Amino acid sequence: MKTSRWIALGVVSALAVAVAWIALAYRSALSAARQRVSTGSSVAQTKCGPIEYALRGEGPPLLIVHGAGGGFDQGLLLGTPLPGFQVIAMSRFGYLRTPLPPDASAEAQADAHACLLDALHVDRVAVLGVSAGAPSTLQFCLRHAERCAAMVLLVPMTWGERPANASAPAPSRTQQFVIRHTLNSDFVFWATTRLFRDTLIESILATPLTDVKAASADDRMSSMLDSIQPISRREKGLRNEGAVAQSLRRYELEKIAAPSLIASVEDDLFLTYANARYTAEHIPGAQFVGFARGGHLWVGHDAELAAAVTKFLVGTRTTGVR
């Protein structure tokens with residue numbers, strides 16, 4: 001009996017140590033995430049409501065429209081390899097300190113981009129939309145054409161050649177699980193990134209593991225998953241992405257007059273490649289950059305893509321501060 005008691009005590013002690021370690025690791029990770037999104041940004045009171053934003057760098061203004069799970073912090077990260085511009089990184093509707101209004105459509109988001117520029121006294125910008133940021137980027141260059149000096153779309157969520165009544169691809173089971181169980185729980189999402197990291201890389205980051213290994217991008221994938229925290233402060237925005245995706249339709253691409261560059265990757269697990277090519281083919285004079293491998297995060301092509309985007313933007317000679 002004494003031996004059994006010692007074994008039981010040992011198991012309980014081990015569990016207590018494990019729980020304490022998990023709690024400490026989680027609190028440390030969440031504290032770092034909260035600190036990251038609590039500094040470096042401001043909130044502009046605009047005609048479209050409060051909009052969080054951050055400014056970095058000097059030069060012609062570049063508005064960065066982040067993708068799903070982002071915020072101003074993701075925008076700043078995307079702008080890091082693009083020197084020579086003043087990056088304007090906002091948090092879209094429902095992300096961080098930008099509230100989700102009753103109308104959070106791509107059109108309303110595009111108008112909010114213009115409202116932010118008004119508040120910052122900026123007339124024209126180059127605009128770079130990534131993934132789920134593409135619909136509002138396209139709408140901005142349609143609805144506010146005079147303010148769109150150039151447009152870049154990276155792995156964009158766009159309409160393509162498919163039946164008019166076809167909906168956007170249904171989320172995978174893993175995506176559905178994350179949406180259902182983790183969006184309002186920082187701890188559950190943190191634990192999921194630790195227990196099912198590889199699954200999340202392919203389902204949430206939409207990047208094949210073979211590409212990650214080939215590009216030695218494991219650390220980048222972990223950083224990307226960590227950058228989504230605190231997910232509870234992005235929950236409303238993430239849920240709204242589904243509504244925008246389901247309402248996608250063909251935009252009047254032929255009316256986009258701004259110089260345009262569109263890039264995607266053939267093995268992007270969000271299947272953006274074909275629709276990105278379709279978009280490029282129907283925007284007058286648009287350039288298209290395609291890669292065979294690299295997934296949704298274009299792993300292995302960071303420097304190449306950054307150089308292509310920088311060259312394109314420099315060539316447009318964008319200006320715009322009042």
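The values are calculated or read from the model by the stated rules, or taken from the named source; none is laboratory data. This is a predicted model, so every value here is computed, not measured. In this analysis, Cβ positions are derived from the backbone assuming ideal geometry, glycine residues included, and neighbour counts consider all displayed protein chains. Just the protein is used for accessible areas: all its heavy atoms, side chains included, with ligands, DNA and RNA removed. Shrake-Rupley method; radii C 1.70, N 1.55, O 1.52, S 1.80 Å.
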- Task: For the range 112-156, take the alpha-carbon Rg, divide it by the Kirkwood Rh, and send me Rg/Rh.
- Result: 0.96
- Could you give the radius of gyration (one decimal) and Dmax (whole number) of the Cα atoms in the range 207-272, in Å? 16.3, 41
- Message: Accessible area of the range 49-126 with a 1.4 Å probe: how many percent of it is carbon plus sulfur?
- Response: 60
- Apportionment of accessible area to carbon and sulfur, the range 255-322, percent (1.4 Å): 56
- Query: Which entries of LYS236/LYS311; LYS213/LYS236; LYS255/LYS311 show an alpha-carbon separation above 28 angstrom in the structure shown?
  - Reply: LYS236/LYS311; LYS213/LYS236
- Which cysteines does the chain leave without a neighbouring Cys Cβ under 4.7 Å? none
- Task: Could you work out the mean projected area of the convex hull around the alpha carbons of the chain, in square nanometres to one decimal?
- Result: 18.3
- Message: Kirkwood hydrodynamic radius, computed over distinct alpha-carbon pairs, for the range 91-133: how many Å, to one decimal?
- Response: 11.3
- Message: Students often get this wrong: which residues of the range 216-245 have the backbone nitrogen under 19 Å from the point 7 angstrom along Cα-to-C-beta of VAL43?
- Response: 230-238
- Task: For the range 10-143, report the translational diffusion coefficient in µm²/s to the nearest whole number, using Stokes-Einstein at 20 °C, 1.002 mPa s, and a Kirkwood Rh over Cα pairs.
- Result: 133
- Over the chain, average the accessible area per residue using a 1.4 Å probe and give it in Å², no decimals. 47
- Query: Sorted by mean Cβ packing within 10 Å, highest first, what order do the peptides 132-143, 237-248 take?
  - Reply: 132-143, 237-248
- Query: If one computes P(r) from the Cα atoms of the range 215-322, what percent of pairs lie at distances over 21 Å?
  - Reply: 54
- Take the Cβ-Cβ distance between ARG250 and GLU146 as r, set R0 to 30 Å, and report the resulting FRET efficiency rounded to the nearest 0.05. 0.85
